[in-house]
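No value in this document is a laboratory result; all are computed from the given coordinates. Fair warning: this is a prediction, and the values are worked out from it, not measured in the lab. For neighbour counting, all protein chains shown are included, and Cβ atoms are generated from backbone atoms with ideal geometry for every residue, glycine included.
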Amino acid sequence: MVSSAKSKAPFHVAGVARNDLLALLAFLVALAATGVLGAYHLTILNFVLLRAIVVLGLVLLTGYTGQISFGQAAFVGIGAYTSAILTTRYDISPWLALIAAMLLVGILAALVGLPLLQLEGHYLALGTLAFGLIVYTGMLEWHSLTGGPSGFSGIPAFSILGITFDTPRANAYLLVVITALVTWVARNVAHGRISRQARAVRDSQITAECLGVGTASLKLRMFVLAAVFAALSGGLYV
């Protein structure tokens with residue numbers, strides 16, 4: 001038994017190393033593509049990277065924890081409008097506005113998640129879907145705050161050390177780096193203790209509770225983390 005376990009360990013380690021190598025290769029390819037693509041394809045790349053950040057949160061929430069959520073778009077929108085409103089109406093730095101948007105969405109996700117995550121299966125899916133529709137309707141109809149269907153303009157671009165990210169190419173470089181950082185955070189979560197607990201909840205919540213896993217707390221933490229990823233994507237989008 002011991003020899004068998006030892007023989008499998010190197011393959012596991014090699015598998016992790018191979019995945020890390022593939023991730024590094026994808027990062028280098030994205031950087032190289034950013035330098036040669038035209039404006040149209042750079043815009044597509046930017047949208048792909050923005051969506052990837054949202055999906056990384058869903059991978060942790062749904063893939064690892066087994067909790068269905070159709071409310072991610074709502075958190076993207078709240079993060080986007082929060083960042084846009086703070087920068088245009090209160091003259092706050094885009095970076096500070098982005099952090100504020102993530103904090104606000106994290107708090108809101110905790111408040112919304114407390115009752116929603118008491119539901120399971122189709123009921124949880126319908127609950128998150130209802131939340132998304134409520135937020136969508138509010139953004140569409142609350143003209144004084146969001147500008148309604150037309151939205152509003154004049155949102156300042158990010159800047160670092162005098163470098164302003166106001167072109168598709170500059171935005172692509174910024175998004176490649178941020179997406180890589182978010183991927184690194186998601187990877188650490190996926191390979192940590194919380195991931196093993198999340199998978200236990202996904203496979204059998206009753207068994208996980210019998211083993212001492214705080215299932216309610218775990219599901220809420222994953223829900224909040226996924227929402228914060230969505231808010232980051234929304235703030236970067238505007």
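Points worth noting:
- In Hz, Karplus ³J(HN,Hα) per residue of the range 84-89 (6.51, -1.76, 1.60; θ = phi - 60°; x = Gly, Pro): 5, 5, 5, 7, 8, 9
- Taken as Cα centroids, the range 72-142 and the range 179-223 sit 22 Å apart, rounded to the nearest whole angstrom.
- Under 5 Å from the amide H of Phe70 lie the amide H atoms of Thr128, Leu129, each residue being 5 or more positions distant or on a separate chain, with H modelled from the backbone and absent for Pro and chain starts.
- Here the Karplus relation 6.51 cos²θ - 1.76 cosθ + 1.60, evaluated at θ = phi - 60°, turns the backbone of the range 165-175 into coupling constants of 9, 10, 10, x, 5, 5, 4, 5, 4, 4, 5 Hz, with x for every Gly and Pro.
- Extension gain (nm, one decimal) between Ala33 and Phe152, 0.36 nm per residue minus Cα-Cα: 39.7 nm
- Taking amide H as placed 1.01 Å from N in the peptide plane, the amide H of Phe158 sits under 5 Å from that of Phe165, each at least 5 places away or on another chain.
- For the range 207-219, putting each phi into the Karplus relation 6.51 cos²θ - 1.76 cosθ + 1.60 with θ = phi - 60° gives couplings of 4, 4, 5, 5, 8, x, 7, x, 5, 5, 5, 5, 4 Hz, in residue order, rounded to whole numbers and with x for Gly and Pro.
- With distances taken between every two different alpha-carbon atoms, the chain has a Kirkwood hydrodynamic radius of 19.5 Å.
- Amide hydrogen neighbours beyond the local backbone of Leu117, cut-off 5 Å, H modeled: none
- Environment charge of Lys219, counting only residues whose C-beta is closer than 13 Å and scoring Lys/Arg +1, Asp/Glu -1: +1
- Pair Glu120, Leu181: separation of 7 Å Cα→Cβ label points (nm): 3.9 nm
- Extension reserve of the Thr88-Arg202 stretch, reckoned as 0.36 nm per residue once the Cα distance is removed: 36.8 nm
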